[in-house]
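The values are calculated or read from the model by the stated rules, or taken from the named source; none is laboratory data. None of the values given here were measured: they were computed from a predicted structure. Cβ placement follows ideal geometry from the backbone for every residue including glycine, while neighbour counts extend to all protein chains displayed. Just the protein is used for accessible areas: all its heavy atoms, side chains included, with ligands, DNA and RNA removed. Shrake-Rupley method; radii C 1.70, N 1.55, O 1.52, S 1.80 Å.
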Amino acid sequence: MASAAPRQRALVTGASNGIGLELARVLAREGWDLVVTARNQDGLDRLASELSSSYRASVHAVAADLASPDGARLLMNHVTTAGLTVDALVNNAGFGLFGPFATTALDRERQMIDLNITALVTLTKWCLPAMIERRRGRVLNVASTAAFLPGPNMSVYYATKAFVLSFSEAVGDELRGTGVTVTTLCPGPTKTAFQKVAGLEKSRLFKGTAMSAADVAEAGYRGMVAGQAVVIPGATNRMVPLLVRMLPRRLTTIVSRR
């Protein structure tokens with residue numbers, strides 16, 4: 001009798017809430033084992049218990065602050081020491097900050113850059129060589145529709161997501177023919193804790209139009225498995241890059257600010 005194929009394993013950052021939490025649930029439901037990471041060990045332990053019980057997934061819960069200089073390295077050391085293979089990397093961890101650039105806290109913005117960009121690049125750099133050697137692998141980088149336009153009063157956040165999209169598309173092209181793909185998930189407004197952390201509770205972005213994190217995660221997972229370059233969940237959100245190409249740049253910036 002043939003033995004069952006080994007289960008694949010995904011590493012999901014920012015897995016304790018929001019889109020990351022829902023992506024971990026989808027992956028476990030679809031038969032993946034997991035390494036889940038975030039700063040909140042208690043939240044990760046609860047998630048690991050849930051996924052192990054509901055889907056019989058093997059889940060390693062690793063608390064890590066990826067905005068800190070050593071966060072990504074410590075996470076990679078843990079995965080390596082445990083002898084875990086990463087078949088899919090889901091770079092979801094990130095946060096935003098609202099306010100005019102001249103008055104927002106530089107330390108907070110540096111943390112945002114370290115988390116939204118530096119940790120993502122570091123983990124991708126670490127995972128890709130082994131994926132290429134095995135000739136199979138998936139990378140899912142979570143950006144935003146913010147990647148397509150400037151964002152007054154969230155200038156650094158929008159710029160980090162533009163970086164994620166550009167970086168992901170370029171690396172994805174480099175990987176053609178290797179069996180490894182890079183997918184960028186670009187959700188629009190989504191019902192998560194993001195808006196509270198960013199100070200956006202009163203923004204019109206989140207009044208009635210926000211998608212659920214579960215729906216965004218489903219779209220992201222399907223796109224990753226299919227090897228799509230860019231996934232934009234929601235018909236309205238898919239209009240954003242089209243409108244950006246049609247409107248004068250200055251007008252795009254004014255609309256974005258409103």
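Every listed requirement among (1) in a helix (DSSP H, G or I); (2) open to solvent by 20 Å² or more (accessible area, probe 1.4 Å) is met by Thr160 save one, (2). Against the conditions (1) part of a loop (DSSP other than H, G, I, E, B); (2) open to solvent by 30 Å² or more (accessible area, probe 1.4 Å); (3) in contact (Cβ under 8 Å) with a residue 24 or more places away in the chain, Thr178 satisfies every one except (2).
Each residue in segment 121-143 was checked for being surrounded by 19 or more Cβ atoms within 10 Å (Cβ to Cβ), part of a helix (DSSP H, G or I) and touching a Ser or Thr at 6+ places or on another chain (Cβ under 6 Å), and 0 of them qualify. In this structure, is Ala24 in contact (Cβ under 8 Å) with a residue 12 or more places away in the chain and open to solvent by 10 Å² or more (accessible area, probe 1.4 Å)? No, not satisfied.
The number of residues in segment 202-230 being at pLDDT 95 or above and open to solvent by 80 Å² or more (accessible area, probe 1.4 Å) comes to 3.
Here is a yes/no grid of residues against (1) closer than 23 Å to Cys186 by Cβ; (2) free of Cβ contacts under 8 Å to residues at least 24 places away in the same chain; (3) acidic (Asp, Glu):
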{"position": "Asp70", "(1), (2), (3)": "no, yes, yes"}
{"position": "Asn77", "(1), (2), (3)": "no, yes, no"}
{"position": "Ala82", "(1), (2), (3)": "no, yes, no"}
{"position": "Thr85", "(1), (2), (3)": "no, no, no"}
{"position": "Val90", "(1), (2), (3)": "yes, no, no"}
{"position": "Pro100", "(1), (2), (3)": "no, no, no"}
{"position": "Thr103", "(1), (2), (3)": "no, yes, no"}
{"position": "Met112", "(1), (2), (3)": "yes, no, no"}
{"position": "Thr122", "(1), (2), (3)": "yes, no, no"}
